2 protein chains.
Amino acid sequence: MFKKKNISLAVIRRLPRYLRYVEDLLNHDVMRISSSELSQRMGYTASQVRQDFNNFGGFGQQGYGYNTQVLYENLVKILGLDRHFKMIIAGVGNLGQALANYTNFYKKGFRLVGLFDVDPQKVGRSIRNVEIKHINKMREFIKKNDVDIGVLCVPADVAQEVANLMMEGGIKGIWNFTAKEIDVKDDVVVENVHLIDSLMVLSYRLNEKLIEKENADQK
Amino acid sequence: MFKKKNISLAVIRRLPRYLRYVEDLLNHDVMRISSSELSQRMGYTASQVRQDFNNFGGFGQQGYGYNTQVLYENLVKILGLDRHFKMIIAGVGNLGQALANYTNFYKKGFRLVGLFDVDPQKVGRSIRNVEIKHINKMREFIKKNDVDIGVLCVPADVAQEVANLMMEGGIKGIWNFTAKEIDVKDDVVVENVHLIDSLMVLSYRLNEKLIEKENADQK
DNA sequence: TAGATTGTTAATCGATTAACAATC
DNA sequence: TAGATTGTTAATCGATTAACAATC
C-alpha cells in the first residue's frame, strides 16, 4: 500500500477513533457514510474528516461518500492491524493480569505469547493458557519468538531495567504503563499510558469548574 | 489563586508531566532549575516551558530560574491536587481491582470511597478496606457522600447506562476506561482512557517502520 | 555592577477550517 | 443530466519558537 510520509501524530491519534465509529456503523448495517455525517457523529468538521482520510490516499467517491466496509478495511490496514503483532507482558500484578485478560486486544490482532514476573508464587501459573515465566527468561524468549511488543507493567523503580532487558531481546515496541519515562534506542517505539497524568487532567478540569463556581458565588 | 481563562488542552496535558519531573528533582535535592535545563530534560524548548508556566502567572525569578519547591507547590495547586477528590469505581473486574489497589492515586489526593459491581460473588468483599456494594446502591451513595469522580470500568455494553446512574447521583467527573464514548451532561467532565486506541497507535508506528524496512529491502 | 534568566512580544510554523472545482 | 459529495487548494486560526527588554 502506498503511504505518504510524515503524517502528524494528531492525525494518527484520531485514526483508532475513526475505526471505532466505523465498526459501529458496520454493526448497525450502515453501508455508506458521508464526511459530513461522520463528522457530526464524532464532533469533528467534515473538512477534517476528508483531510485526515486523504493523508492516506482518498478512499471515498465523489457524489456518494465513503463505503463503510472499504473505509473499515483501509483503516485496519493503515493501523497495521492486519499484521498480528506478538506481545508479552512484564509484571503480572493487578494491571498486568487485567491486560492479559483483555480479549479485545486479541480481536485487533495482538497475540499474547508470554507473561513474566519475579514472584515465585506467580511463576508457573497461567492466564488464558499463557504460562507466567520468570523474568530472567524474558530476553531469550523475545529473541527466540521474535516478539514485537513488550507491555511494561512492573513497579516504577525497575521500569528502565526491565525495558533494557526487553530491548536486549530485540523488542520493537514498548507499551509503558509505569509512571516513569523510559529511555529507548532510536529504533524502538514507545507508547505511554500514564494513568496518573490522565487522572490529574481530570482533576484540573474539575478544579477549574469549582473555581468558576466559587467566583460566581462570591458575586 | 488567580487563573487566566482558556488555557489550551495542549498545555494542560503537559502539566502532569512537569509535575513528575519536578517531583524527581525534589527527590534528588535539586532546589533550583532553569527553563532551559528543565526543557532539555523533558525534550521541550525553553520557550515552551516559560510560556506554559506563564499561563498561570509566572513563578520564576529573573536571573535565577525556578525554585523547585515553589514550582512544585504551584503545579499541585494548578492541577487541583490539594482538593482531595472523592472517587468511586464501578465495575470491579481485573481493571477495577487494579485501579483500586493503586496507592499512587491516594498520594495525589484521590480518595477511593466506594466500589460497585453486580456480581453477587464480589458484593460484600473488600479491597483496601473499601467494601464492594451492589451497583443499585451507587446512585444514593454518590448523593449521600458527595462523590466527585466515578471511574467507569464496566463492560462496554452497559457503559452509558452506568454513566447515567453516576450522573443521576450527581457525579462531577467520569474517568472512562470503556471502549465506548459516553454522552454526558454539559457540566460533567469526562476523561477517556481508551487503552485499545493507545495500542493501535503503537501498532501504526510499528507498521510504519516495517513498511520502511520492506521498501529499503526491495531496493 | 555584570551575568543570568525570566516574562512577554513578535515571528514562524503547523493544523484546522473554508471554499470550490472535479467527478461520480 | 442534475445533485451530491469528494479531493484539494487557499485562508484562517492556534500553538510553538525566537528574540529581547526587564530585572533579579
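List the distances, in nm to one decimal, from the label point of B:G93 to the label points of the same position in every other copy, shortest first, placing each label point 7 Å from Cα along the Cα-to-Cβ direction.
Inter-copy label distances (nm, one decimal, shortest first): 2.1.
Could you order B:V22, B:V184 so the one with the most accessible surface comes first? Probe is 1.4 Å. If you can, show how the numbers build up before the last one.
On the way: B:V22 0, B:V184 50 Å².
In descending accessible area the options line up as B:V184, B:V22.
State, to one decimal in nm and shortest first, how far the label point of B:G65 sits from each corresponding label point in the other identical copies (label point: 7 angstrom along Cα-to-Cβ).
For B:G65, the inter-copy label distances come out at 5.7 nm.
If you place +1 on the Cβ of every Lys and Arg, -1 on the Cβ of every Asp and Glu, and leave all else neutral, what size is the dipole of chain A about its Cα centre, to the nearest 20 Debye? The partial results should precede the final answer.
Numbers: 31 positive and 26 negative charges, 125 e Å.
The calculation lands at about 600 debye.
Quick one: with label points 7 Å out along Cα→Cβ, list the inter-copy distances for B:D29 in nm, shortest first?
Label-point separations across copies, in nm and ascending: 7.2.
Leaving out ligands and nucleic acids, and using a 1.4 Å probe, what accessible area per residue does segment B:69-219 come to in Å²? Before the final figure, lay out each step's value.
Working: 6980 Å² over 151 residues.
With the other protein chains kept in place, segment B:69-219 gives 46 Å² per residue.
Calculate the length of the line joining the C-alpha centroid of segment B:127-146 to that of segment A:21-64, in whole Å.
41
Set Lys and Arg Cβ to +1 and Asp and Glu Cβ to -1, take the dipole of segment A:79-206 about its Cα centre, and tell me which of A:V123, A:N192, A:V151 lies farthest positive.
Positive-most Cα among the choices belongs to A:V123.
Only residues of segment B:107-129 count here: report those whose backbone N is under 13 Å from the spot 7 Å along Cα→Cβ of A:A156, or say none.
It comes to B:107-109, nothing else.
Among A:Q61, A:I78, A:L9, which residue has its Cα furthest toward the positive end of the charge dipole of segment A:9-78, with +1 on Lys/Arg Cβ and -1 on Asp/Glu Cβ?
A:L9
Among rounded, prolate and oblate, which fits chain A when a ≥ b ≥ c are the square roots of the eigenvalues of its C-alpha gyration tensor, a/c under 1.5 means rounded, and a/b larger than b/c means prolate? Show your work: numbers first, answer last.
Working: a/c = 2.15, a/b = 1.33, b/c = 1.62.
Oblate.
Between chains B and A, what is the buried accessible area summed over both chains (1.4 Å probe, protein heavy atoms, nearest 100 Å²)?
Values: alone 13940 and 13940 Å², together 21770 Å².
Adding both sides of the contact gives about 6100 Å².
Kindly work out what percent of the DSSP beta bridges joining two residues of segment B:55-142 are antiparallel, to the nearest 5. Walk me through the intermediate numbers first.
Working: 3 of 11 bridges.
Rounded to the nearest five, the antiparallel share is 25 percent.
Taking the Kirkwood radius as the inverse of the mean 1/r across Cα pairs, report the Rg/Rh of segment B:86-197. All intermediate terms of the calculation are to be shown ahead of the outcome.
Details: Rg = 12.7 Å, Rh = 13.8 Å.
We get a ratio of 0.92 for segment B:86-197.
In whole percent, how big is the carbon plus sulfur part of the accessible area of the protein assembly as shown, probe 1.4 Å, protein atoms only?
Numbers: 9960 of 21770 Å².
Of all accessible area on the protein assembly as shown, carbon and sulfur atoms account for 46 percent.
Could you grab the relative contact order for segment B:9-78? Cα pairs under 8 Å, six or more apart, rounded to a whole percent. Don't skip to the answer; put the middle values down first.
Working: 55 pairs, mean separation 26.9, N = 70.
About 38 percent, as a whole number.
To the nearest 20 Debye, how big is the dipole of the protein assembly as shown about its Cα centre, given +1 on the beta carbon of each Lys and Arg and -1 on that of each Asp and Glu?
Details: 62 positive and 52 negative charges, 22 e Å.
Dipole about the Cα centre, nearest 20: 100 debye.
Does segment B:63-144 classify as rounded, prolate or oblate by the C-alpha gyration tensor (a ≥ b ≥ c root eigenvalues; a/c under 1.5 gives rounded; else a/b over b/c gives prolate, otherwise oblate)?
Values: a/c = 4.30, a/b = 2.64, b/c = 1.63.
The shape class here is prolate.
Looking at segment B:91-186, send over the antiparallel percent of its DSSP beta bridges, to the nearest 5. Could you put the intermediate results ahead of the total?
Working: 2 of 9 bridges.
Taking every DSSP beta bridge within segment B:91-186, about 20 percent pair in antiparallel fashion.
With 21 Å as the limit, write out which pairs from A:K122/A:K180; A:K213/B:K185; A:K107/A:K143; A:K133/A:K180 have Cα-Cα distances beyond it, or answer none. Kindly include the intermediate steps, with their values, before the conclusion.
Details: A:K122/A:K180 24 Å; A:K213/B:K185 17 Å; A:K107/A:K143 25 Å; A:K133/A:K180 24 Å.
Over 21 Å apart, Cα to Cα: A:K122/A:K180; A:K107/A:K143; A:K133/A:K180.
Students often get this wrong: which residues of segment B:55-91 have the backbone nitrogen under 20 Å from the point 7 angstrom along Cα-to-C-beta of B:S36?
Zone members listed by number: B:59-68.
For an R0 of 41 angstrom, estimate the FRET efficiency from the Cβ-Cβ distance between B:Y106 and A:Q48 and round to the nearest 0.05. Could the numbers behind the result be given before it?
Numbers: r = 40 Å, r/R0 = 0.97.
Efficiency, rounded to the nearest 0.05: 0.55.
Pulled fully out, how much extra length does the chain show between B:N27 and B:E168, if you take 0.36 nm times their separation in residues and subtract their Cα-Cα distance? Show your work: numbers first, answer last.
Values: separation 141, 0.36 × 141 = 50.76 nm, distance 4.26 nm.
Between B:N27 and B:E168, full extension yields 46.5 nm more.
Could you size up the charge dipole of segment B:1-74 around its Cα centre, putting +1 on the beta carbon of Lys and Arg and -1 on that of Asp and Glu, and report it in debye to the nearest 20? Numbers along the way, then the final one.
Values: 10 positive and 6 negative charges, 83 e Å.
That gives segment B:1-74 a dipole magnitude of about 400 debye.
With every protein chain left in place, what is the accessible area of A:E214 in Å² (1.4 Å probe, nearest 10)?
80
Nearest to the axis that maps chain B onto chain A: list the chain B residue whose Cβ wins, with the distance in whole angstrom.
B:A98, 2
What shape does the protein assembly as shown have by the C-alpha gyration tensor, where a ≥ b ≥ c are the square roots of the eigenvalues, rounded means a/c under 1.5, and otherwise prolate means a/b greater than b/c and oblate the rest? Display every interim value, and only then the final one.
Values: a/c = 1.19, a/b = 1.17, b/c = 1.02.
It comes out rounded by the Cα gyration axes.
The values are calculated or read from the model by the stated rules, or taken from the named source; none is laboratory data. Not measured: the values here are computed from a predicted model. Neighbour counts run over all protein chains shown; Cβ positions are idealised from the backbone, glycine included. Ligands, DNA and RNA are stripped out before the accessible areas are found, and what is left, the full protein with its side chains, is counted by its heavy atoms. Shrake-Rupley method; radii C 1.70, N 1.55, O 1.52, S 1.80 Å.
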